[in-house]
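Notes to accompany the following structure.
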Amino acid sequence: MQRLRERLSRSQGGLGQGLLSLLSRDRLDEDTWEAIEDTLLTADVGVAPTQALVEKLRTRLRVEGGQAPDPRTVLREELIELVGTDLDRRVKVTGADGKPGVVLVVGVNGAGKTTTVGKIARILVAEDLTVTLGAADTFRAAAVDQLATWGERVGVEVVRGPEGGDPASVAFEAVKHGVDNGVDTVLVDTAGRLQNKAGLMDELGKIKRVIEKQADVTEVLLVLDATTGQNGLIQARVFSEIVDVTGIVLTKLDGSAKGGIVVQVQRELGVPVKLVGLGEGPDDMAPFDASAFVDALLG
Ligand code: GDP
């Protein structure tokens, strides 16, 4: 959690500090409230959530006779509430009846899917779970090689097919390998060519069908690059029409001042952010926790 704080507060460009110093002014006048709104909008919290948050802050900070509450405490509480404390953010990695859990990882190219698969594998191995990786992004030889490198690094088996081969067949073989070897979790990396929406829908649909002949798909994680802001939201919308997303992985938060995108993307998709990517290294991934996230933002 210490690292979450270091990485986030550095890359958020003082979002939290900015808000806190605005709120510590003696008089919270209209200019100050406007500056607070601007800060939240710049961080990609979104228009409606920003207005609602400011309204709540204003209401709670209105002094009515008694002692006014500490504005910083109120800000922290309201931000945590906005990010959501009652969402189930566990990633379901194990299956039922002795079968593996299957986690499909989807998202546009470059969002960080392959890296995410590698990092999740690393976490699972550290938890003494056995893992198989499926390299179903067969369109790009580099993606398959990259996953193979992660497999070596983390010490898990990678099932790959011929270059340009059928992604569903690789997914099938990966899950078969998992079932045959009593593996706990199969992580399947997929291609994300959003240019051809119908094609991608067919492809992901087929991947799901062949997997479900053998085991349950326990999670469909959508990987979104936090630095892409509103574009990321549009992608999220399109992907949620293509496949039933069960959780979001927000990557590259280490390089983004747009942490507020968490709020928007959860609203947009109605599913929680479950993991965050904080760098390119194998240990640069953390489960998402609303209060730790807000504390990191506030620095
Ligand atoms: P894919 O095409 O979706 O599989 O994306 P990749 O996993 O190949 O990642 C694209 C680039 O983003 C690579 O250079 C990764 O090292 C980098 N990357 C992935 N996740 C993160 C992250 O959380 N933080 C940073 N800074 N870079 C990341």
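The values are calculated or read from the model by the stated rules, or taken from the named source; none is laboratory data. Owing to the predicted nature of the structure, the values given are computational and were not obtained by experimental measurement. Cβ placement follows ideal geometry from the backbone for every residue including glycine, while neighbour counts extend to all protein chains displayed. Side chains are part of the model used for accessible areas, which takes the heavy atoms of the whole protein and leaves out ligands, DNA and RNA. Shrake-Rupley method; radii C 1.70, N 1.55, O 1.52, S 1.80 Å.
Results, tabulated for the structure shown:
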| item | result |
| --- | --- |
| Alpha carbon centroid spacing (whole Å) that separates region 165-197 from region 81-151 | 11 Å |
| Efficiency of FRET between E212 and E77 - r from beta-carbon atoms, R0 45 angstrom, step 0.05 | 0.60 |
| Solvent-accessible area, 1.4 Å probe, carbon plus sulfur percent, for region 200-299 | 45 percent |
| MRE, 222 nm, helices only [DSSP H, n ≥ 4, -39500 (n - 2.57), over the chain, to nearest 500] | -15500 deg cm²/dmol |
| Above-threshold pairs, the threshold being 23 Å between Cα atoms, out of K176/K252; K176/K206; K252/K274 | K176/K252 |
| R237-A96 pseudo-label distance in nm [points 7 Å out on the Cα-to-Cβ vector] | 3.5 nm |
| Relative pair counts by distance (%), Cα atoms of the chain, 5 Å bins | 1, 6, 12, 16, 17, 14, 11, 8, 6, 4, 3, 2, 1, 0, 0 |
| Inverse mean reciprocal Cα-Cα distance (Kirkwood Rh) of region 164-299, Å | 16.2 Å |
| Kirkwood hydrodynamic radius (C-alpha pairs) into Stokes-Einstein, region 34-164, 37 °C and 0.692 mPa s, D in µm²/s | 174 µm²/s |
| Nearest-10 value in Å² for the accessible area of K208, using the 1.4 Å probe | 40 Å² |
| Two-decimal Rg/Rh across region 168-215, once Rg and the Kirkwood Rh are taken from alpha-carbon atoms | 1.04 |
| Degrees, to the nearest 10: 2-11 long Cα axis against longest axis of the chain | 70 degrees |
| The chain, accessible area per residue, ligands and nucleic acids excluded (1.4 Å, Å²) | 44 Å² |
| Sorted largest first, extent of region 52-94 alpha carbons per principal axis (Å) | 55, 18, 13 |
| Average silhouette area of region 227-299, convex hull of alpha-carbon atoms, in square nanometres | 5.0 nm² |
| Note, ³J(HN,Hα) from phi for region 88-96, Karplus 6.51, -1.76, 1.60, rounded to Hz, x at Gly and Pro | 7, 9, 5, 8, 7, 10, 10, x, 9 |
| Förster radius 51 Å - calculated FRET efficiency between Q67 and E280, Cβ distance, rounded to 0.05 | 0.60 |
| Using θ = phi - 60° and Karplus 6.51 cos²θ - 1.76 cosθ + 1.60, couplings along region 257-264 (whole Hz; Gly, Pro as x) | 9, 10, x, x, 4, 3, 5, 5 |
